1. Considering only helices (runs of 4 or more DSSP H) fully contained in the range 1-89, which possess at least 1 residues that are farther than 27 Å from His190 by Cα and more than 26 Å from the chain's Cα centre (by Cα)?
2. So which residues in the range 349-372 are in a loop (DSSP other than H, G, I, E, B), closer than 15 Å to Cys317 by Cβ and touching a helix residue (DSSP H, G or I) at 6+ places or on another chain (Cβ under 6 Å)?
3. Any residue at all in the range 117-130 that is surrounded by fewer than 20 Cβ atoms within 10 Å (Cβ to Cβ) and over 30 Å from Val30 (Cβ atoms)?
4. What residue, among those in the range 170-187 that are in contact (Cβ under 8 Å) with a residue 24 or more places away in the chain and part of a helix (DSSP H, G or I), is surrounded by the fewest Cβ atoms within 10 Å (Cβ to Cβ)?
5. In contact (Cβ under 8 Å) with a residue 40 or more places away in the chain and in a strand (DSSP E or B), is that true of Ile118?
6. So which helices (runs of 4 or more DSSP H) are wholly in the range 375-458 and hold at least 3 residues that are farther than 27 Å from Phe271 by Cβ and in the same structural domain as Pro123 (by TED's automatic domain parsing)?
7. Checking the conditions here, which among Glu106, Glu93 is under 23 Å from Pro425 (Cβ atoms), loosely packed, with under 15 Cβ neighbours inside 10 Å and in the same structural domain as Gly445 (by TED's automatic domain parsing)?
8. Please tell me if Phe271 is in contact with a strand residue (DSSP E or B) (Cβ under 6 Å, 6 or more places away or on another chain), at pLDDT 95 or above, buried (at least 16 other Cβ atoms within 10 Å of the Cβ) and outside any helix (DSSP H, G or I).
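The values are calculated or read from the model by the stated rules, or taken from the named source; none is laboratory data. What you are looking at is a predicted structure, and each value in this text was computed from that prediction instead of being measured. Positions of Cβ are generated from backbone atoms using ideal geometry, with glycine treated the same way; all protein chains shown enter the neighbour counts.
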Amino acid sequence: MTEITTTNPATDEKITSYDVMSRDTAFAKVDAAHAAFLNWREKSHAERAPVLRDIAAALRDASDDLSTLMTREMGKLFRDGKTEVELCAQLFEYAADHGPDVLADEERTHSGGKKKGIVAHCPIGVIYSIQPWNFPLYQPVRVLAANLMAGNSVILKHAEICTGSGLKLKEICDAAGLPEGLFDVLIIDHDTSDEVIEHKNVRGVTMTGSDGAGRIIGQEATKNLKKTVLELGSNDAYLVLEDADVELAVKTCVQGRIYNNGQTCVSAKRFVVTDAVYDDFVTAFVEQMKNIKMGDPMDEDTQLGPLSSKNQFETICTQVKESIDHGAKLLCGGDPDNRTGQYYPATVLGNCQPGSPAYDDELFGPVASIIRAKDDEDAMRIANDSRYGLGGGIFCKDEERAVKLARNHFDTGMIRINSFGAADPNMPFGGVKDSGFGREHGGFGMREFTNAKAIYLP
């Protein structure tokens, strides 16, 4: 592969092409990032913070351009792109505001409390960030903001289909005053990427993507003794319990399924509904999904844009067919028309069975999987009957009980009670089981790639 071409999934028109970098060019960027790190690590947290605030301001200034670019590259609704830009600005500001306290030296004692010690959270070097296409700006930024504050440098390998978004982010950071080399973008193939992981100046690897890709990258990093953070796929379960507010549950679950055109790792995907409210929920949910307006992602009244690529479209088509072959019932959608672009309609599958993609796998598109549960206990059993554990939700009028279920029984990283949302700067983000390990946001991400250095005083 010598060239990458990006395509607008709403029109199937070519956007632009980029030359793939050689191994030597990629390594030169890694070396430059290491050199920049050696200077940046000497800065105090308070000295780093203004640069991050300037990047936040620059992102807001470029919001329309960034949102348009993301829409063109992967079909995101323009208004959702604007929301994404604002979240990214907030992440830089969160790191600037909270980093000095999160990363401050800690005073400890040792030798039975008789002597003093210091725990210093020190940067380690170049962090290699491998990111997907579904949030072209947010995915790189959540790594970048935290690690710049920690004192590291970052090299990004973005998904091919949103190469332009990665380069635009670098351009904005550079113009905002980020020192040269602290953040750069590689346009490389998978073989070169493996060699970058091996590079002696790369000290950590973070990746967001499928669990299959995570296994490959995780093994490569482990082989080279590199610290990793992996945020992988999920088939998040949203539980509609016996005492749920059905109207709220339906409205929220529809939003949770079609947000970002259904292409979000923490989307509501499996809807586990108890017998007591099953018929009422399914009837109303299917009706609302049928009425979702699909169209041009630049239009303000569009609710559902295209999938990100022809490959993603074909994957969803295959997964829906296989699920129906395994006994799922098509309740609406599932029959794309012949319009130009990678448009897949809002779809609902009922009676989803173990062994089918709708039950076991991640459906990265606007396809809802409904599973009937006998009662609340059975609903929690079904929710946890998954190799994944990234997010999930509980609809239950008894908030205290819902919190107890979330804390003590839901085997997943993030749980929403009677609500849906993607991420917040002040709350940890990450999962368990095949959804990966490590945490970002909420201060946790700023310490993931630091050396907790113990300093003993006499």
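1. The qualifying helices (runs of 4 or more DSSP H) are 23-40, 45-61.
2. Within the range 349-372, Ser356, Leu363, Gly365, Pro366 qualify.
3. yes
4. Selected residue: Ala175.
5. yes
6. Because the criterion is at least 3 residues that are farther than 27 Å from Phe271 by Cβ and in the same structural domain as Pro123 (by TED's automatic domain parsing), the helices (runs of 4 or more DSSP H) in the range 375-458 that meet it are 444-448.
7. Every option except Glu106 fails the conditions.
8. On the way: in contact with a strand residue (DSSP E or B) (Cβ under 6 Å, 6 or more places away or on another chain): yes; at pLDDT 95 or above: yes; buried (at least 16 other Cβ atoms within 10 Å of the Cβ): yes; outside any helix (DSSP H, G or I): yes.
The answer is yes for Phe271.
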